[in-house]
Amino acid sequence: MEGATAIPGTEGSDHAFIVTSVPVRKLTFEDHQFNPRTPSLGRVNELRASISQLGLLSPLTCAYVAPIEPTKPNKPGKKNDSGEEVVLIDGRHRFDALQALSNEDKKWASRARVDLKIYFGLSKSDIFLLSTYLNRTRKALAKGEYYRVIVHIYEEKKKELEAQDGRPRTEEEVFKEISAQTISDRDFDLSIGRIVGLVAFDDEEDDSWYPMVGNRQQERFRGPPKLPGYCPLTAGNLGAFLAYLCRPKPYSDLGAHRALEIGNVLQLGQVFRKRVIQKPVKSYDVPTGTSVACKHWCLVAFGSILEESQLFASQSRASRAPLAVEDPDWTGVDEVVTTYKEIMDEQAEIVRKYKSTEEPGFLADAWSYQTQRDQVKLPLRQAFKDRGVKSLTKAAT
């Protein structure tokens, strides 16, 4: 296949693309794995109105995924694991709008053609990277959408590297082979972000963080049980919290330490589900202990206090991440998480009172609404001390 050079590379290995047009009735993009954005019905309807008046102004961006090579000579290759030779990587809203118009007007659909820009010669990990970059530059991806793609980027790159010679690759080796140009913070995103993507959006882990973690605040709760309200916690805030408890850069082993962290994060999620985020938030207009406990600076301050505490003193002395151990003190963790929620219940009551009065002392008493870590951390540490939680005294260095 010949095409224009699209992405710079070494001579003879430049990634290329072609631009073509196809009948709209032949378009079927059922594979969503390369397109991370969660479709918005409002945006689809907006584009449907635009396309009906002006046509499709920007081509859909796609990638050719070659069939899997045969394992034996003289045998044909089989379909790739996506089931489609051409996959959509940018333009899901436009495609959904085109489908809606096609269903409304069959005559139009029988004659309409749509422009496609198709990349080829890309590995699966490169397709994920390109998709993430295109979606982030068009409109910022929510952290949850981004972290789920980060999981795919890491897993595909690891498979590709190990397929070269059959040698297992360390986490550090995989990190180095993933381009930093299209990832905001490579070490953080591929470690902490990947953990969030793995633990917060897996329906098999529905007794842990899932489904109480959403992409954004005000995101409707959709998981089981079917309860009305909003996801209490955002993926971005969960990542900021876990950054204090897990290693925010690669390990040099073959995955044992990261596996320990992931298992412990899931167990920590069970504690949070029991003590802090039992139910969806009914409204963000009325502060509750749950909504305040899930605020960014509150979780950052809490994570920082946990990292420095006696609970994880042995890990700190050994320069290890707090959750990279086989048997954390879960009794102690349960105590401090329970107390954290009690403190935030009190804060929510104060906020409700001061929000209605607009008194000048609002931030002195409702310190949970401060916007810097240490402005929350100092009174939060004092609140734990006042309740006699000795395990959260600062560990000796």
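Points worth noting:
- Backbone N within segment 255-292 under 18 Å of label point (7 Å from Glu177 Cα along the Cβ vector): 255-256
- Cα centroid separation - segment 174-222 against segment 251-321, whole Å: 14
- Dipole moment magnitude, nearest 20 debye, the chain about Cα centre, only Lys, Arg, Asp, Glu C-beta charged: 940
- Cβ-derived FRET efficiency at R0 51 Å, Glu30 paired with Ser314, nearest 0.05: 0.50
- For segment 209-261, the set of trypsin sites (Lys or Arg not before Pro) satisfying both a DSSP loop assignment and a count of at most 13 other C-beta atoms within 10 Å is given as Arg222, Lys226.
- Pairs of C-alpha atoms in the chain farther apart than 37 Å represent 34 percent of all such pairs.
- Each label was represented as a point 7 Å from its Cα along the Cα-to-Cβ direction; for Asp327 and Leu378 these points are 4.0 nm apart.
- Modelled FRET efficiency - R0 35 Å, Glu160 with Thr20, Cβ distances, 0.05 increments: 0.80
- For the chain, the relative contact order works out to 12 percent when only alpha carbon pairs closer than 8 Å and six or more residues apart are counted.
- Between Gly229, Gly55, Gly144, the GNM of the chain built on Cα springs shorter than 10 angstrom shows Gly55 fluctuating the most.
- A cut-off of 5 Å between modelled amide H atoms, ignoring neighbours fewer than 5 places along the same chain, links Cys62 with Ile89, Lys117, Ile118, Tyr119.
- Rough spin-label spacing in nm, given labels placed 7 Å along Cα→Cβ, for Asp207 and His296: 3.4
- Of the residues Val199, Val22, Ile150, the one whose Cα sits farthest towards the positive end of the charge dipole of the chain is Val22 (charges of +1 on Lys and Arg Cβ, -1 on Asp and Glu Cβ, taken about the Cα centre).
Taken together, the values in this text are just the output of simple stated rules run on the coordinates, not laboratory data. Treat the numbers as computed from the prediction; the structure is a model and nothing was measured. Counting neighbours? That spans all protein chains shown, and the Cβs are built from the backbone with ideal geometry, glycine included.
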